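The values are calculated or read from the model by the stated rules, or taken from the named source; none is laboratory data. What you see is a predicted model; the values in this text were computed from it and never measured. Quick reminder, even Gly has a Cβ in these numbers, built from the backbone with ideal geometry, and neighbours come from all protein chains shown. These accessible areas exclude ligands, DNA and RNA; they are computed on the full protein's heavy atoms, side chains included. Shrake-Rupley method; radii C 1.70, N 1.55, O 1.52, S 1.80 Å.
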Amino acid sequence: MSERRYKKLKTAPQLKKLLEQHYLAAKYFHLGKPIAWVTSGAPVEIVRALDIFPVYPENYGALCGARGASAAMCQVAEARVYSPDLCAYARSSVGMMSDAKHAPLGGLPRPDLLITCGNICGTVLKWYEAAARHYHAPLFILDTPFIHADDGEPTAHAIAYVAAQLEELIAFLEKQTRRKLSKEKLLATAMLSSEAVSLWCDVREFCRARPSPLNAPDLFLNMAPIVTLRGTKECAQFYRALKEEIAERVARQVSALPEEKYRLVWDNIAIWHHLYRFYNHFVDYGACFVTDTYTGGWAMRMNDQGDPIHAFARTYTQVFLNQSLRVRVRDMADLITRFDVDGFVMHSNRSCKPYSVGQYDIRRIVTEQTGKPGLVIEADHSDPRSYDDETIRARIQTFMEGLR
Amino acid sequence: MKNKIGYLCTYVPEEIIHAAGFLPVRIAPSTTPPTRADAHLQSYTCCLARSCLDQALAGRLNDLAGVVFAHTCDTMQGLADIWRESFPNLFVETVVGPVALNSPHAQKYLVAELRRFVAALEQHFDVRVTEDALRASIRIYNTRRRALADFYARRAEFSAVQWFNVMNKALTTPPEAISDRRSATSNQQSAIENQKSKIGVVLVGATIDEPTLPQILDDLGARIVADDFCNGARYFDTLVAEEGDPIEAIAARELTRATCPCKHRALDDRAERLLKLVKDNRADGVIFYHKKFCDPHAWDYPPLAAALDREKIPHLLLEVEQVAPVGQTRVRVEAFLEMLSEG
Amino acid sequence: MENMPQEFWRWKEYNWHAPDIAWRNAKIITAGVDVGSVSTQAVVMVDGKLFAYANRRTGSSSPDSARRAMDCALEETDLALDKIHYVVGTGYGRVNVPFAHKTMTEIACHARGANFLYGASVRTVLDMGGQDCKAIKIDAQGKVVNFLMNDKCAAGTGRGLEVIADLLQVPIEEMGELSLRVEKEPEPVSSTCVVFAKSEALGLLRKGWKKNDVLAAYSRAMAHRVAALLKRIGIEKEFVITGGIAKNSGIVTRLEKELGIVARKPDFDTQIAGAVGAALIAKKMKDER
C-alpha cells in the first residue's frame, strides 16, 4: 500500500472519527430510525427532517475501493450473473447484498426504504431496483430530467415535474414513517446543509492560493461528509474546523506538496483503489491537483428564493452530472482560469459512463478555448482489475514532459 | 431541402416529425467497424452509439436534416451532445421523456416536453405542426403498426431472416408504404419449409441490426415466436389513440408501451411480460441477444434469468459487439437448441 | 535434424486400441470425430465399448484432419472405415467431417462423454479446449441442463498455454508440474488477454523472475478466469474436467483451490471425452432409427 507523500491534515483524525461513527450508528445505533438507502444526488434534507437515517451505497462503494475489497465483492456479483461491465460501485454493492459477511464493515445495514435520484446517472435506477428486489423494500424514484440546454437551465415543466415528485416523496416518507414533516425542521436541516456546502465551497476556493494548501486526494477524502452527512450539525462543525485549518495553511503559505511546480485540474471520480500510488506519480513531478470537477459537484449552493420545494427541485435537477457537455466545458474552462492551472487530467472511468462519455470532446474544446493541455487516463473508480500502472505511468510521463 | 430526420430510439415521437413534413428514419448500426467514432467515444460504449456516430462522421448520413434523440441511457445522453458538437449546423434535439413511467406526474411532464419539441421543430425549420397534420400522421403510423402486428400474427409462415428484413425495412421506409401485411412482406416469399421446424424461441434485447442470428436460427430449423426488441415487437405493440388531443395521445402511448429497461414502470413488469410471451407463444426457450456495454439490458438480465429459472424455461445469453461472430454464435445457439430438443 | 528448433508448444500425437474386442461379432459400430481448433480426436466404439482412438494435431483443413485422426485410430486394427455404421462429427470443424452422418456440438458431446467416462454422478463438466472454455451442467443421463462459454479470446485456453510454453521455452507437457515448483505462490498476471499476458510475462522475466514463477502467475490467472465461469453457472458435485488442459496439474490444482472443490481425477485420456460423447450419440441415433 502506498503512502501519501505530502502534508497530512490535522483534522484527519476528526474526519476518520466522524465517518466511523456514521457507519457504526448506521449499523447499530440508529435508535429505531428507519434506514433509507439514498443516492448521492438525492434531496437528503427531506429524509433527515423526517428522522430517517440515510446511508449512501455509493460512498460505501468508494470505501470498498479504498480498502481493496472491491474486486472480491464485484466477483460475488459476477458469479450471480451481473456483467463485469457494469459500474463497480453498483457491482460491489450487489456483491455485498448477497455476501455481507465478507464485506467491509460487515456490509451496509438493511434498508427500510430506497430513494434513488437519476440526476447522477441511469445506473442508480437499475441498482436500486436490484436492491428493492433483494430486500423487498419500497422504492421511490425521483426523476430529474437531464438538461441539454446550453445555459444549464432546466425547463419550467421539468422543475414543475420534479417539484410535484418532491411533494409525492414527502407523502411517501410520511406514510412510511407515520410522521408529519415539520416545515421548521426541514428549513433547519436545509440551513445546516447550506452552511456545510458554503464552508466546503470556501475550502475549495482556498486552493486558488499558490502554493495550493490541498491536493486532490485531500479533496476526495474530505468530501465524504458533504455527501453522507449533509444537513447534520456534525457535518457543518467538521467543515468549520477544516476551513480554519486550510485558512491557516494559506496564511502561512503552506503547500500540500513538498514543492508545487505544476498545477492541474482533475476530472471524474477518484481512482480509489490506487489513491496514493496513482497521485504520487504526479507528486514525482511536483504536480498538484488544486481543484477538480468531482468534489465540486457537492458544492452547489442551495437556491433559496421562494418556495423551498421549488428551490430543492431546481438545485437537485441542476446537479453537474445532469448537465450537458457544453456546461461541462464551461465549468472546466472556468476552473482552469480561476485556479490558474497548467493543464488538466481526465479519468476515463469505465464504471461511470455519464461522467466519461463526451470527455474526448470536452478535452479538445477546453484545450482550444484555454490553450491548456489535457490528458485522458483510462481506469475505473473502484475495480482495480481495470487499472494498469505501467501504461498509466508512461502516459503521465509523456504528458508531464510536455508541460515543461 | 432535405426531408429526412434520423433517430436512434423508438421513444422518439415519429408522428410529430412526420407531421412537421419530414420522414423519420431509424439510424441503425452498420456492419463495418467504426474508426472515426473512436476519437469521440470510449471503447466501453456500445456499438449502437459508436457505429451510428461513425456513419455520420463518414458523411453517410448527409441526407438528414436533423437527428432526434430520446433520453434513455447514459451513453445516448452523452452521444446526443457529441453529435451536436460534431455537426453544429444540424438540427440535434433530445426529447427528455420521463424515466419514472409510473409517476402520476409523468404524463403531464411528457406532454409539455413534447410541446417543447414541437416548438423547436417549428422554429428551426420554420414550419407549422398543425393538429390536423398530427392526427393524419398518427393514423398513418397506427396503420403501419397494425400491419406489422398482423404480419407478426402470421410469422409462422416466414423465416427468421424474413422477419428480420421486414422489421428493419419498416423503420427506414415511408410509413405509407406499409399499410397491410402484404405490403410489409413484399418481396418476401413465404418460407414453407420453415413450418416443419419445431423449436420456438423468444428473442430479447435492445435492437437487432444484422441477420447473423436469424440466419443461424433458420439454418438450424428454429423459429422466432416472439421478441422484445426496441425495433421489433416493442415498436408496434401499442397504438396511439386517434381521438382527443394528439400530443396527449402520443404521450400516453409512450407511457404504456412495453417497457425499455432504461425506464421504470414496476419492478417486475419486464419479467411478467417475458413469461407471458413465452407462455402465449408456447416457446421452448429464450435467447438474450445483448449488446456488449449496454448497461440497462445487462442490469435486467439477472432478474429476467431468475424469473425464467423459476418457471424452468431454458435461456441463453449472447453478448454481441457489432456483428455476431458466426462460428461462436452458431455453436452456442446449436448447443442450446440441442438442449431444448433433448428436454 | 539437430538444427531444427525445438517446438515447445508441440504435444505428442498418439493412438490406442483394445486388442481383446472382436468387432466382427458386434451389433453396432459407431464413431465420433471431434475436430477442435488445436487437436482432433477420433473414437471408435463397438457396442458402446471403447475400441480405438487417436489424438492428432488439427491441420489447416478440417476434412483432412478428420480423416487423418480416423486413419490413425484404425491404423493398428483390422477395422475399416466402411464397416462403421454411424459417425457423428463434433467440435469446431464438425460440419467438415466428410464421413459423418450427423453433427452435434461439442457441448452435448462432452456432456455425454463425461457421463460415460466418469459415471452418472457427474453434474458439472468443465471442458478446457484449444480455443474456448465451456462450463456444462448435466443430468444423470448426461444431458445438458445448462452451459456457459467464455468470450471470444484465447485467454484461459489451450492455445493460450501453447503461446506461453513457446515464449518461456518449456515443453507444454511439463508446464503444470513446473508451475507448482515455486517457493511462494506469486500474484496472478493482471492481464487475461494472451497478447498482453505475453508482454507482461516478458516484463516479469526482465525483472528477473524465474520461469517457474512466471508460469505460476500465468496459471493462476488462467485458473481464476475459468473459476469465474464456473461460479457464474453455479458449480455442483461431482465436478470433472475434460479437454487437453485437464492434464495441466498446475491449472487444475489452482482451480480446485479457488473453487474449494476437488475435481474427480480420470484414469483415461481427458482429451477424448468429446469424441467419446459423439460416438455414444451416434449409437443412440442409430438405435433410434
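Structural remarks
- Flag for B:Asn3 being more than 14 Å from every other protein chain (Cβ to nearest Cβ), under 25 Å from A:Asp361 (Cα atoms) and either surrounded by fewer than 20 Cβ atoms within 10 Å (Cβ to Cβ) or modelled with pLDDT of 95 or more (or both): no
Residues checked against (1) open to solvent by less than 40 Å² (accessible area, probe 1.4 Å); (2) modelled with pLDDT of 90 or more:
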{"position": "C:Glu177", "(1), (2)": "no, yes"}
{"position": "C:Lys184", "(1), (2)": "no, yes"}
{"position": "C:Ser191", "(1), (2)": "yes, no"}
{"position": "C:Ser199", "(1), (2)": "no, no"}
{"position": "C:Ala216", "(1), (2)": "yes, yes"}
{"position": "C:Ala221", "(1), (2)": "yes, no"}
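- Residue count, the stretch B:117-139 (criterion: touching a helix residue (DSSP H, G or I) at 6+ places or on another chain (Cβ under 7 Å), open to solvent by 50 Å² or more (accessible area, probe 1.4 Å) and either within 14 Å of another protein chain (Cβ to nearest Cβ) or assigned to a helix (DSSP H, G or I) (or both)): 2
- Residue match in the stretch C:263-280 (condition: more than 27 Å from C:Asn146 (Cβ to Cβ) and in contact (Cβ under 8 Å) with a residue 24 or more places away in the chain): no
- Check on A:Thr295, farther than 21 Å from A:Arg395 by Cα, open to solvent by less than 30 Å² (accessible area, probe 1.4 Å), more than 12 Å from chain B (Cβ to nearest Cβ) and β-branched (Val, Ile, Thr): yes
- Selection from the stretch B:301-327 of residues that are part of a helix (DSSP H, G or I), in contact with a strand residue (DSSP E or B) (Cβ under 9 Å, 6 or more places away or on another chain) and open to solvent by less than 40 Å² (accessible area, probe 1.4 Å): B:Tyr301, B:Leu304, B:Ala305, B:Leu308
- For A:Pro138, the requirement of being within 12 Å of another protein chain (Cβ to nearest Cβ), in contact (Cβ under 8 Å) with a residue 24 or more places away in the chain and surrounded by fewer than 24 Cβ atoms within 10 Å (Cβ to Cβ) is met.
- Sole exception among (1) within 10 Å of chain C (Cβ to nearest Cβ); (2) open to solvent by 30 Å² or more (accessible area, probe 1.4 Å) for B:Leu337, by number: (2)
- In the stretch A:95-122, the residue that is nearest to the other protein chains (Cβ to nearest Cβ) out of those that are assigned to a helix (DSSP H, G or I) and open to solvent by less than 10 Å² (accessible area, probe 1.4 Å) is A:Gly95.
- Among the residues of the stretch B:86-110, those that are within 9 Å of chain A (Cβ to nearest Cβ), surrounded by fewer than 18 Cβ atoms within 10 Å (Cβ to Cβ) and not polar (S, T, N, Q) comprise B:Pro104, B:Lys108.
- Inclusion of B:Arg154 among residues that are away from chain A (no Cβ under 14 Å) and crowded, with 18+ Cβ neighbours inside 10 Å is not warranted.
- Test result for A:Glu3, open to solvent by 20 Å² or more (accessible area, probe 1.4 Å) and under 20 Å from A:Lys126 (Cα atoms): no
- Across the stretch A:23-65, the number of residues qualifying as farther than 26 Å from A:Asn322 by Cβ and assigned to a helix (DSSP H, G or I) comes to 5.
- For the stretch B:257-297, a tally of residues being without any contact (Cβ under 8 Å) to a residue 60 or more places away in the chain, more than 15 Å from the chain's Cα centre (by Cα) and more than 14 Å from every other protein chain (Cβ to nearest Cβ) returns 5.
- A:Thr391 being part of a helix (DSSP H, G or I), open to solvent by 40 Å² or more (accessible area, probe 1.4 Å), on the phi < 0 side of the Ramachandran plot and of a type outside the set (Lys, Arg): yes
- Options A:Ala224, A:Ala313, A:Ala241, A:Ala247; residue that is over 30 Å from A:Lys183 (Cα atoms) and among the small types (Gly, Ala, Ser): A:Ala247
- Among the residues of the stretch A:66-78, the ones that are open to solvent by less than 10 Å² (accessible area, probe 1.4 Å) and either in contact with an Asp or Glu (Cβ under 8 Å, 6 or more places away or on another chain) or in a loop (DSSP other than H, G, I, E, B) (or both) come to 3 in all.
- Residue in the stretch A:82-89 that is closer than 12 Å to A:Pro57 by Cβ, touching a Pro at 6+ places or on another chain (Cβ under 8 Å), touching a residue at least 12 places away in the same chain (Cβ under 8 Å) and assigned to a helix (DSSP H, G or I) present: yes
- Yes/no for B:Ser197 being at pLDDT below 95, more than 18 Å from the chain's Cα centre (by Cα), of a type outside the set (A, V, I, L, M, F, W, C) and open to solvent by 20 Å² or more (accessible area, probe 1.4 Å): no
- Out of A:Ala42, A:Ala62, A:Ala79, one residue alone is closer than 30 Å to C:Asn150 by Cα and more than 14 Å from chain C (Cβ to nearest Cβ). It is A:Ala62.
- Positions within the stretch C:225-265 being hydrophobic (A, V, I, L, M, F, W, C), part of a loop (DSSP other than H, G, I, E, B) and farther than 20 Å from A:Val76 by Cβ, in sequence order: C:Val262, C:Ala263
- Selection within the stretch A:141-161 - more than 21 Å from the chain's Cα centre (by Cα) and at the interface with chain B (Cβ under 9 Å from one of its Cβ atoms): A:His148, A:Thr155, A:Ala156, A:His157, A:Ala158, A:Ala160, A:Tyr161
- Subset of the stretch C:254-265 [of a type outside the set (D, E, K, R) and open to solvent by 50 Å² or more (accessible area, probe 1.4 Å)]: C:Gly260, C:Val262
- For the stretch B:49-80, filtered to residues that are among the hydrophobic types (A, V, I, L, M, F, W, C) and out of contact with any strand residue (DSSP E or B) (no Cβ under 9 Å at 6 or more places or on another chain), the residue that is farthest from the other protein chains (Cβ to nearest Cβ) is B:Ala58.
- Out of C:Ile245, C:Ile272, C:Ile241, one residue alone is among the β-branched types (Val, Ile, Thr), open to solvent by less than 20 Å² (accessible area, probe 1.4 Å) and under 16 Å from C:Glu177 (Cβ atoms). It is C:Ile245.
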